[in-house]
Structure formats: structure tokens, C-alpha cells
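Asks: Please see the structure below; I have some questions.
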Amino acid sequence: MSQQPELEARLEDQNEFEPPESFVEQANVSDPSIYEEFDENWPECWEQAADLLDWSEEYDQVLDDSNPPFYEWFTGGSLNASQNCIDRHLEERGDEAAIEWVGEPTGEENRTYTYEDLHREVNEFAAALREMGVGEDDVVTMHMPMIPELPIAMLACARIGAPHSVVFAGFSASALAERMNAADSEYLVTANGYYRRGDALDHLEKANEGLEGVEHEVSDVVVKDRLGDDAHGHDLADNQHDYDELVAEHAGATVDPVERDAEDMLFLMYTSGTTGEPKGVKHTTGGYLAWNAWTSQAVLDIKPDDTYFCSADIGWITGHSYIVYGPLSLGTTTVMYEGTPDHPEQDRFWEIVDDLDVTQFYTAPTAIRAFMKWGAEYPDEHDLSSLRLLGTVGEPINPKAWKWYYKHIGDENCPIVDTWWQTETGGMMVTTLPGVNDMKPGSAGPPIPGNDVRVVDASGDEVSAGEAGYLTVEKPWPGMLRTLYQNDERFIQEYWAEYSDTDSDDPEDWVYFPEDGAKIDDDGYITVVGRVDDVVNVSGHRLGTMEIESAVVASEGVAEAAVVGADHEVKGEAVHAYVITEDGYDGGREMQDQIEQSVEDAIGPIARPESIVFTPELPKTRSGKIMRRLLEEIANGEDLGDTSTLRNPDVVEDIQQQVGSE
Ligand code: PRX
């Protein structure tokens with residue numbers, strides 16, 4: 001302990017870290033020539049990713065870029081994701097753990113699914129789905145917590161060629177209904193509940209309420225009984241089936257994996273954007289799976305004998321890519337944990353790492369900031385020496401948190417990969433390769449080999465080192481989204497229109513815009529600063545301020561509202577709402593509660609505003625646009641620049657006073 005301050009001081013000054021030699025020696029990728037090799041041999045370099053998979057029909061073209069931005073990868077090839085994630089590992093790894101599941105209640109035993117077990121149950125559930133009438137290309141929605149039946153249901157869908165659409169369990173009933181409506185999904189797999197900080201939550205009530213909001217007929221619903229004796233006693237409706245009974249009825253059934261074209265949809269994932277309804281991001285079977293197998297291998301350094309733990313929720317893209325598809329395609333053991341990191345104590349993750357001898361741990365900066373706040377004594381109580389690599393994703397990590405993670409979790413002996421990517425990119429895009437590059441805390445690193453990611457100014461020219469600009473991706477990649485579900489036009493508008501010549505059919509003229517701000521160093525390392533659109537990132541959860549705004553306005557007595565994100569010590573960003581009431585409404589505690597409830601009903605508790613400020617006016621430009629930037633600055637307690645261009649400059653002071661007096 002006495003050395004601690006000196007150690008901290010040394011780390012504080014250090015801005016570059018080499019990967020430990022012991023890591024490099026065993027790394028899946030350790031030859032720096034990979035960058036040159038991929039650049040020279042693009043796009044054929046991605047055959048390496050495709051080679052990590054089993055194909056039932058070999059592809060005849062790596063990339064078809066004849067109709068940008070509707071790129072196609074590994075065309076002519078066919079494969080099945082469930083076969084790739086399960087069947088092909090059976091011979092060598094049938095008895096090894098595929099999924100190691102840890103429930104939140106401490107008295108409960110872990111559930112281990114070997115590859116054989118997973119194969120059995122995925123087949124049985126696939127047979128049940130098929131008997132229910134689920135056919136190829138029917139979208140099956142899952143509104144499920146972190147229980148093994150979620151990846152089982154996903155893989156069962158993949159087996160029969162039915163795309164899944166997973167809706168995060170924390171999302172509200174109306175968010176579920178909205179997504180089922182948008183995807184025309186007639187099937188739902190859900191659960192009766194789950195444990196959160198010791199409470200048995202009633203999930204089925206919410207799912208049922210969501211089903212009421214579905215505008216078309218829902219033919220079947222499957223309900224997993226997670227809660228047993230703690231269940232809330234809902235009777236199942238006529239079209240609702242008990243998961244365990246279904247699986248028992250199909251005991252021993254096998255379903256041949258359906259051959260899917262490389263470009264066939266594997267799943268849909270709804271995510272938030274600037275305006276309107278959530279966007280249905282479409283990912284395909286060949287490109288997505290190849291991208292995730294390759295990045296899991298090259299960046300997470302996954303090997304079959306590893307025990308890999310990603311603490312994300314499968315309801316978000318990180319869980320899809322790096323709890324389910326990436327790790328299982330490589331035949332490793334993937335750990336799933338049901339609950340929160342602070343239940344029953346703040347050492348729960350470290351207990352899991354210690355118990356299961358976890359080799360790689362992948363989490364979000366918001367979690368790391370919480371660990372820091374709780375203190376090093378929690379990880380210190382455990383033997384974390386099994387760890388070989390650490391990762392972060394979801395938001396920028398500040399150097400202080402990075403160094404804390406490096407020292408207290410990695411014992412200065414594990415490389416950290418800070419991975420920048422998005423729902424739309426399918427998998428990692430910018431990160432160091434842990435066996436190749438030095439690390440710079442706070443900076444994600446260079447683009448993945450073969451990936452052309454740049455930082456440009458508003459007119460699309462590259463900025464000089466150190467200057468701020470916008471991130472762009474100037475070449476297609478296998479894991480990219482193919483379109484927004486049934487909305488090609490919006491796909492072009494949202495991601496390509498900004499920097500592309502949309503009349504051109506030359507792929508050189510098409511540039512993908514992720515809507516992130518960034519900086520680049522003279523050695524090509526990219527530091528991602530954050531979103532430049534109206535998206536907030538609360539604890540690594542991506543939320544649209546416009547969606548929250550509509551929920552606030554829907555509350556009784558609200559005339560107008562503006563919602564912004566502002567810095568938050570642990571969450572990264574938090575939601576702040578500025579509200580004008582209708583005449584006759586006072587903006588008191590009761591109204592605040594109603595607004596909070598309205599947001600929870602529309603989206604979920606994660607979107608609940610940190611503060612609600614009632615104001616007679618909102619700062620507006622002379623043309624009447626709300627100045628959200630200014631509200632952000634107020635929420636951040638920052639100095640405000642020139643406000644003289646406002647139509648109503650006085651309002652700023654009023655709001656500041658109110659915020660200050662809270
Ligand atoms: O702003 C970037 C931020 O998260 C956004 C994507 O959110 P989502 O689609 O929910 O996917 C999250 C998990 C991949 C990005 O546009 N982001 C993600 N990773 C990083 C990041 N910001 C900085 N550094 C990162 N490593």
C-alpha cells in the first residue's frame with residue numbers, strides 16, 4: 001500500500017503503454033505487417049475473416065460494390081450462423097462449456113451449457129418455433145433479460161433462417177410494441193421476470209402490456225419461467241406457451257441448419273437516431289459473422305480454451321456481437337451474468353473473474369468509473385491473475401479511468417483494447433491490436449487493418465493532427481449494416497448523404513458518416529469525442545433526445561420541452577429536460593413525477609431525466625430554433641459564449657438561476 005502513491009504518480013505521467021511481452025508472444029495477431037498487407041490486398045484481405053467460418057457453399061466474390069452504398073460481401077456463398085456457432089465445434093469441444101451463466105441471486109448455482117447441451121436445446125427450440133409456424137425470414141422478437149434462453153432463442157432462429165429482433169429488457173412496453181410494429185413481427189419470446197439487485201422483477205406484465213400495443217395479430221408468445229416460486233402469478237393466454245414445456249415436447253428433436261445466403265438477414269437491431277422512430281439496423285449472415293469472428297480473434301485474442309466475460313447486455317449490439325456470435329463462432333466459453341455489478345456487493349464481477357478464471361474481460365467506461373468510485377479494495381480482495389486482456393466499449397474513456405483499469409484490474413499486465421464501433425458497424429472498427437500496437441490511454445487507436453477510417457472537416461477534407469473533426473469510413477467493410485429495415489431511403493439519408501455524391505455509382509464517391517466527432521494524432525491514433533447528432537450516451541446506452549422529448553411533451557400540462565445530454569461523473573452523460581408548462585400548470589413535484597413516468601413508459605427507466613427544469617421560455621434563435629447547445633452548456637455549468645444572437649437572451653439567466661438553486 002505504501003507504494004501506491006508513487007505508482008499512481010508514475011502512471012499519471014505515462015501516456016504510452018507497450019503490450020506485455022508475455023501477451024505478444026501468445027497473441028493471435030502479433031505481426032505489424034498486417035496493416036500493409038491488408039491495405040495492399042484489399043478487399044481480398046477479408047477472405048481471412050471468411051476463412052474463420054464454415055461455408056456450405058463457397059462464395060464467388062469477396063465484395064460486390066457495383067451498387068453503392070448497397071454493398072454485398074461474400075456473394076454467392078451460403079452458411080448458417082447456428083451451425084457455425086455450435087455444430088462445427090461439437091467434435092472437438094462438445095464437452096467444453098459454451099455458455100457459463102451466472103444468475104444474480106448468490107445462492108443459485110451457475111448453469112453451464114456445454115456445446116452439446118447448447119446444440120440439444122437450440123435444436124429443440126428451433127423445432128418448437130418451426131412447429132409454431134415460424135418460417136424463413138419471419139422476424140421473431142425477443143424481449144428477454146440476461147438468461148441463457150436468450151442466446152438459445154437467437155441461435156434457434158438463426159438455425160431456421162428467421163431473423164431475430166432483440167429488444168432490451170429494460171425498454172418499456174410501448175418501446176416493445178413500437179419495434180414489433182415496425183418489424184411486422186408476429187412472434188415474441190419473453191420471460192416472466194428476472195432478478196435485479198435482489199428483487200424478482202415482473203417482466204411479463206410489461207411484455208403483455210406491450211403486446212396490447214401491437215397493431216397486427218401476434219400469433220405466438222413463448223414465456224420462459226425464470227422466477228419459479230418468486231413468479232408474479234400471471235396466467236398464460238391461449239397463444240402463450242411455456243418455454244420449458246415446449247422444449248420438453250420437442251426433446252431429442254433435430255433441425256438441419258437452413259442454408260442462408262451470405263447476404264440474408266441474420267438479425268435486426270433497433271437503435272436511436274436524431275429524429276423519428278428507432279432505426280431497424282439490418283445485419284447479414286456472412287459479412288456480420290465473419291467480421292465478428294475475425295475481430296474476436298484479432299482484438300479480443302479469443303482462443304477456444306479461454307473463458308471470456310463481456311459484461312454488456314445481449315439486448316444491445318455489444319452483447320449480440322461479443323457475448324453471442326463472435327465468441328461462439330470461435331468455440332470458446334462465453335460468460336453471461338444476469339444482474340448488476342454491485343449485488344450483493346461491489347465485487348461481484350471480480351468474484352466471477354476469480355471463480356471462473358476469466359481470461360478476457362470486456363466492459364464499458366461507465367462501469368469502470370463506478371468501480372473507481374467504489375474503490376480498489378473490491379478487486380483487491382480477489383485473485384484476478386487469470387486475466388490476460390481487458391477491453392472497453394461504448395463511450396470515450398478518460399485516461400484516469402483507463403489507468404485505474406490497467407492497474408487495479410489488469411495489474412499492469414494486460415493490454416487494454418479501447419474499441420470504437422456502433423450498432424451499425426456490426427463490430428469493432430477502431431482499436432489497437434493488442435499484440436501489435438502500443439496503447440495511448442483515452443485514444444481508441446488506429447483503424448482496424450483494411451479499414452479506412454478518417455477524421456475530416458465539414459467539407460470532407462482530412463483535418464491536421466490534433467484538430468477536431470468528424471469521423472468517416474471511406475471504404476466498405478464486411479460487418480457493415482446493409483440498410484435500415486424496409487427503408488433504403490432513410491439509410492442513405494442518415495449515413496451517406498452528408499459526405500457522398502449520392503448520384504454516383506462509383507464506390508469512391510460514397511463515404512459512411514457515423515455521426516461522431518473525433519481527433520487524430522500524427523501517428524494515426526483516433527480519439528473519439530462523442531456524438532455530433534442528438535443522441536445521448538447514458539451509461540453506454542444510446543438514446544435519442546428527440547424520443548425523450550416527445551415523451552416529455554406527451555405528459556399532461558407540458559407545452560414545449562427541450563431535452564439535452566450533459567456530463568455525468570459515472571454515467572458519462574445524463575438526460576436533462578427543460579419544460580414550458582401550459583397555462584394553469586404549476587410545474588411542481590407532481591408534474592415532475594408525471595413527466596418521469598411518461599419517459600419511463602415511452603422508453604424505459606434508463607431515459608429518466610436527471611433534472612427537470614421548468615421555465616417560462618426556452619432559448620431560441622431568431623428563426624425560432626431551440627438552442628440545445630446552450631442548454632447543454634447550462635447543464636454542464638460551463639461559461640456561455642455570446643448569447644446576443646438569441647431572440648430572447650434574458651431567458652438564459654432565468655434558467656441558470658433555476659439550475660443553480662436546485
Ligand atoms: O458515440 C460512439 C460511442 O457509442 C456510439 C455507438 O453506440 P451504439 O450503437 O449503442 O453501440 C455501442 C457499442 C458499440 C458511437 O457512435 N462509442 C462506442 N464506442 C466508443 C464510443 N465512443 C468513444 N470511444 C469508444 N470506444
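Asks: Those residues that are outside any helix (DSSP H, G or I) and among the acidic types (Asp, Glu), I need them from the range 31-46; list them, please. Give the steps one after another, and end with the answer.
Replies: Taking the range 31-46 and keeping what is outside any helix (DSSP H, G or I), we get 31-33, 41-43.
Of everything in the range 31-46, just one residue is outside any helix (DSSP H, G or I) and among the acidic types (Asp, Glu), namely Asp31.
Asks: Check every one of the strands (runs of 3 or more DSSP E) wholly within the range 99-192 and list those with 2 or more residues that are aliphatic (A, V, I, L, M) and more than 29 Å from Asp354 (Cα to Cα).
Replies: Numbers: elements: 111-114, 140-143, 164-166, 187-191.
Qualifying strands (runs of 3 or more DSSP E): 140-143, 187-191.
Asks: Looking at Glu424, Glu351, Glu395, which one is modelled with pLDDT under 95 and of a type outside the set (A, V, I, L, M)? Write out each step before concluding.
Replies: Numbers: Glu424 fails: modelled with pLDDT under 95; Glu351 fails: modelled with pLDDT under 95.
That would be Glu395, the only listed residue that is modelled with pLDDT under 95 and of a type outside the set (A, V, I, L, M).
Asks: Can you confirm whether the range 427-437 contains a residue that is crowded, with 24+ Cβ neighbours inside 10 Å and over 22 Å from Lys475 (Cα atoms)? I'd like the intermediate steps shown before the answer.
Replies: Pass one, the range 427-437, residues crowded, with 24+ Cβ neighbours inside 10 Å: 427-434.
When the remaining residues are screened for being over 22 Å from Lys475 (Cα atoms), the result is 434.
Within the range 427-437, one or more residues are crowded, with 24+ Cβ neighbours inside 10 Å and over 22 Å from Lys475 (Cα atoms).
Asks: Which one is nearest to Val393 (Cα to Cα), of the residues in the range 446-472 that are away from the ligand (no atom under 16 Å from the Cβ) and among the charged types (D, E, K, R)?
Replies: Asp452
Asks: Residues in the range 66-95 that are of a type outside the set (Gly, Ala, Ser) and over 30 Å from Ser500 (Cβ atoms): how many? Reasoning before the result, please.
Replies: Just the residues of the range 66-95 that are of a type outside the set (Gly, Ala, Ser), to begin with: 67-75, 79-80, 83-93, 95.
Checking the rest, the ones that are also over 30 Å from Ser500 (Cβ atoms) come to 79-80, 83-93, 95.
Of the residues in that region, 14 qualify.
Asks: In the range 482-502, is there at least one residue being within 15 Å of Val281 (Cα to Cα) and among the basic types (Lys, Arg)? Don't jump to the end; show me each part of the working.
Replies: Step one: filter the range 482-502 for residues within 15 Å of Val281 (Cα to Cα), giving 482-496.
Filter again for among the basic types (Lys, Arg), leaving 482, 490.
Within the range 482-502 (the criterion being within 15 Å of Val281 (Cα to Cα) and among the basic types (Lys, Arg)), the answer is yes, since at least one residue qualifies.
Asks: Does Asp87 count as without any contact (Cβ under 8 Å) to a residue 60 or more places away in the chain and within 27 Å of the chain's Cα centre (by Cα)? Give the derivation first.
Replies: Values: without any contact (Cβ under 8 Å) to a residue 60 or more places away in the chain: no; within 27 Å of the chain's Cα centre (by Cα): yes.
No: the conditions fail for Asp87.
Asks: When the residues of the range 400-428 are filtered to those that are within 13 Å of the ligand (Cβ to nearest atom) and among the charged types (D, E, K, R), which remaining residue is farthest from Glu263 (Cα to Cα)?
Replies: Among them, the one singled out is Asp418.
Asks: Quick check: is even one residue across the range 636-643 out of contact with any Gly (no Cβ under 9 Å at 6 or more places or on another chain) and crowded, with 17+ Cβ neighbours inside 10 Å? Don't jump to the end; show me each part of the working.
Replies: From the range 636-643, those out of contact with any Gly (no Cβ under 9 Å at 6 or more places or on another chain) are 636, 638-643; that's our starting set.
Pick out the ones that are also crowded, with 17+ Cβ neighbours inside 10 Å and you get none.
No, there is no match, as no residue in the range 636-643 is out of contact with any Gly (no Cβ under 9 Å at 6 or more places or on another chain) and crowded, with 17+ Cβ neighbours inside 10 Å.
Asks: Here's another thing I want to ask about it. Being closer than 23 Å to Asp65 by Cα and surrounded by 21 or more Cβ atoms within 10 Å (Cβ to Cβ) is the filter here; which residues of the range 455-474 pass it?
Replies: From the range 455-474, those closer than 23 Å to Asp65 by Cα are 460, 471-474; that's our starting set.
Those that are closer than 23 Å to Asp65 by Cα and surrounded by 21 or more Cβ atoms within 10 Å (Cβ to Cβ): Leu471, Thr472, Val473.
Asks: When you scan the range 267-283, how many residues do you find that are among the β-branched types (Val, Ile, Thr) and away from the ligand (no atom under 14 Å from the Cβ)?
Replies: Here is the first cut: in the range 267-283, the residues among the β-branched types (Val, Ile, Thr) are 271, 274-275, 281.
Filter again for away from the ligand (no atom under 14 Å from the Cβ), leaving 275.
Residues flagged as among the β-branched types (Val, Ile, Thr) and away from the ligand (no atom under 14 Å from the Cβ) within the range 267-283 amount to 1.
Asks: Would you pick out the residues in the range 429-445 that are within 13 Å of the ligand (Cβ to nearest atom) and either assigned to a loop (DSSP other than H, G, I, E, B) or without any contact (Cβ under 8 Å) to a residue 60 or more places away in the chain (or both)?
Replies: Those that are within 13 Å of the ligand (Cβ to nearest atom) and either assigned to a loop (DSSP other than H, G, I, E, B) or without any contact (Cβ under 8 Å) to a residue 60 or more places away in the chain (or both): Met429, Thr431, Thr432, Pro441, Gly442, Ala444.
For (1) more than 16 Å from the ligand (Cβ to nearest atom); (2) basic (Lys, Arg); (3) assigned by TED's automatic domain parsing to the domain that holds Glu277; (4) over 21 Å from Glu277 (Cβ atoms), each residue gets a yes or a no:
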| position | (1), (2), (3), (4) |
| --- | --- |
| Glu549 | yes, no, no, no |
| Gly572 | no, no, no, yes |
| Gly584 | yes, no, no, yes |
| Gly588 | yes, no, no, yes |
| Glu610 | yes, no, no, yes |
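Asks: While we're looking at this one, here's another question. Filter the range 512-535 for residues that are away from the ligand (no atom under 11 Å from the Cβ) and crowded, with 21+ Cβ neighbours inside 10 Å; which is nearest to the chain's Cα centre (by Cα)?
Replies: Of everything passing the filter in the range 512-535, Asp534 is nearest to the chain's Cα centre (by Cα).
Asks: Of the numbered conditions (1) in a loop (DSSP other than H, G, I, E, B); (2) closer than 18 Å to Pro619 by Cβ, Glu560 satisfies every one except a single condition; which is it?
Replies: (1)
Asks: Select from the range 55-88 the residues that are hydroxyl-bearing (Ser, Thr, Tyr), crowded, with 19+ Cβ neighbours inside 10 Å and under 17 Å from Thr483 (Cβ atoms) and list them in ascending order.
Replies: Of everything in the range 55-88, just one residue is hydroxyl-bearing (Ser, Thr, Tyr), crowded, with 19+ Cβ neighbours inside 10 Å and under 17 Å from Thr483 (Cβ atoms), namely Tyr71.
Asks: Please specify each residue of the range 449-468 satisfying the condition of being in contact with an Asp or Glu (Cβ under 8 Å, 6 or more places away or on another chain), closer than 28 Å to Glu37 by Cβ and not in a strand (DSSP E or B).
Replies: Correct list: Pro449, Gly450, Asp452, Val463, Ala465.
Asks: May I pose another question? Would you be able to tell me the number of residues in the range 368-399 that are within 16 Å of the ligand (Cβ to nearest atom) and in contact (Cβ under 8 Å) with a residue 60 or more places away in the chain?
Replies: Here is the first cut: in the range 368-399, the ones within 16 Å of the ligand (Cβ to nearest atom) are 368-369, 389-399.
Adding the requirement that they be in contact (Cβ under 8 Å) with a residue 60 or more places away in the chain leaves 369, 389, 391, 393-396, 399.
Summing the residues that are within 16 Å of the ligand (Cβ to nearest atom) and in contact (Cβ under 8 Å) with a residue 60 or more places away in the chain in the range 368-399 gives 8.
Asks: Another question, then. Anything in the range 106-131 that is closer than 27 Å to His343 by Cβ and basic (Lys, Arg)? List them, or say none.
Replies: Correct list: Arg111 only.
The values are calculated or read from the model by the stated rules, or taken from the named source; none is laboratory data. Keep in mind the model is a prediction, meaning the values are calculated, not measured. Here the Cβ is made from the backbone with ideal geometry for all residues, glycine too, and neighbour counts use every protein chain on show.
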